[in-house]
Amino acid sequence: MVVMMMDIMNILIGVLILVIGVLIGVAFLTLLERKVLGYIQIRKGPNKMGFLGLLQPFSDAIKLFSKEQVYLNYSNYFSYYFSPIISFILSLMIWMVIPYIFNLIMFNLGLLFFLCCTSMGVYTMLIAGWSSNSNYSLLGGLRAVAQTISYEVSLSLILMSSIILIMDFNLLKFSEYQFLIWFLFLMFPLSLCFFSSLLAETNRTPFDFAEGESELVSGFNIEYSSGGFALIFLAEYSSILFMSLLFIIIYMGGYNLNLVFYLKLVFMSFFFIWVRGTLPRYRYDKLMYLCWKSYLPISLNYLLFFMGLKLVFNYKMNLV
């Protein structure tokens, strides 16, 4: 009984450290984004708060959470108030699937849990857009939801190709299978499709249509201020960090606790920002065509190809 209680305590402490780590990571990701975008646009980013602006994210957080909360008279109060909180909790829950080698939680069905959590995130977006009772936020929410649902289809099909290669949902297995060669080299076109699907899934440039058009103002979060807005913001950046991590685990050598792994993670996060600073925004109908007419056929063809490859390999192994 005592050992069991100690295990539970270890898991809880591990989860607490994870949450704090993710929040600090998100804080410095926002700083990295502002700095990189600044240098891309030939100007300095934040550089007044602390040494080289390192305290800027913390002053932003204090400012956002200490501002007055606006309560809308015509909003659906409970759903309006709780949707950012649930969105933030879901974005933190996804982090449990990282294949930790020490204590915490080990998921044999980690990829399925990831897909479930990202699918649930769509509801929070829809509810946030609808419950504000504003036409602007409803339009932005509908756009974001249509986009996210469309790209989840291609995302899960691309994931299926990788799953069929290793025949396991456990993220730890990816590092074993990529010991000699990264999956990036085995399925390079598919990895590019996966990366741009991640951009669309997290509503990032060049796919940020929820807040892109002049008539949508700021998208589904237009009526949120102070704490609510900060939580939506944190959820978005937390998912960007996790998507970078997922890309590395699946295509760039898997999960291992060394400096190179963290350098790869920083590079992938930088890639998200680099794309934002470089590419112009897509047109909404072209975004949908890209998903249904390009990515869906490509991912289905790759899926059939890898299924055939696996069958041939198993047949050869049986003959031996």
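Values quoted throughout were computed directly from the atomic coordinates according to the rules given, and no laboratory measurement underlies them. Just so you know, these numbers come straight off a predicted model, no measurement behind them. Cβ: placed from backbone, ideal geometry, glycine included. Neighbour counts: every protein chain shown.
Do any residues in segment 162-181 that are surrounded by fewer than 18 Cβ atoms within 10 Å (Cβ to Cβ) have Cβ atoms under 6 Å from those of residues that are assigned to a loop (DSSP other than H, G, I, E, B) and not aromatic (Phe, Trp, Tyr), where the two are at least six apart or on different chains, and which pairs are they?
From residues that are surrounded by fewer than 18 Cβ atoms within 10 Å (Cβ to Cβ), the pairs are Asn170/Asn108; Ser175/Gly254; Ser175/Asn256.
Checking Phe272 against (1) under 23 Å from Leu186 (Cα atoms); (2) surrounded by fewer than 18 Cβ atoms within 10 Å (Cβ to Cβ), which single condition isn't satisfied?
(2)
Give segment 240-264 a look and list any residue that's free of Cβ contacts under 8 Å to residues at least 24 places away in the same chain, under 25 Å from Phe88 (Cβ atoms) and aliphatic (A, V, I, L, M), or say none. Steps first, answer last, please.
So in segment 240-264, the residues free of Cβ contacts under 8 Å to residues at least 24 places away in the same chain come out as 248, 258-264.
Add one more test, that the residue is under 25 Å from Phe88 (Cβ atoms), and what stays is 248, 262.
Correct list: Ile248 only.
Taking segment 54-74, which residues are in a helix (DSSP H, G or I), out of contact with any Leu (no Cβ under 7 Å at 6 or more places or on another chain) and in contact (Cβ under 8 Å) with a residue 12 or more places away in the chain? Steps first, please.
Step one: of segment 54-74, the residues in a helix (DSSP H, G or I) are 56-66.
With out of contact with any Leu (no Cβ under 7 Å at 6 or more places or on another chain) added as a condition, the list becomes 58-66.
Selection gives Phe58, Asp60, Ala61, Leu64, Phe65, Ser66.
Kindly check whether there is at least one residue in segment 296-308 that is part of a helix (DSSP H, G or I) and within 21 Å of the chain's Cα centre (by Cα).
Of all residues in segment 296-308, those part of a helix (DSSP H, G or I) come to 296-308.
In the following step, the residues that additionally are within 21 Å of the chain's Cα centre (by Cα) were identified as 296, 299.
Yes, that holds for at least one residue.
For every residue, the table says whether it meets (1) surrounded by 17 or more Cβ atoms within 10 Å (Cβ to Cβ); (2) among the hydrophobic types (A, V, I, L, M, F, W, C).
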residue	(1), (2)
Lys44	no, no
Leu52	no, yes
Glu68	no, no
Pro84	yes, no
Ser91	yes, no
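So in segment 295-317, with the set limited to residues that are polar (S, T, N, Q) and without any contact (Cβ under 8 Å) to a residue 60 or more places away in the chain, which one is farthest from Ser161 (Cα to Cα)? Step through it out loud before you land on a result.
Step one: of segment 295-317, the residues polar (S, T, N, Q) are 299, 301, 314.
Add one more test, that the residue is without any contact (Cβ under 8 Å) to a residue 60 or more places away in the chain, and what stays is 301, 314.
Details: Asn301: 10, Asn314: 16 Å.
Taking the candidates together, the pick is Asn314.
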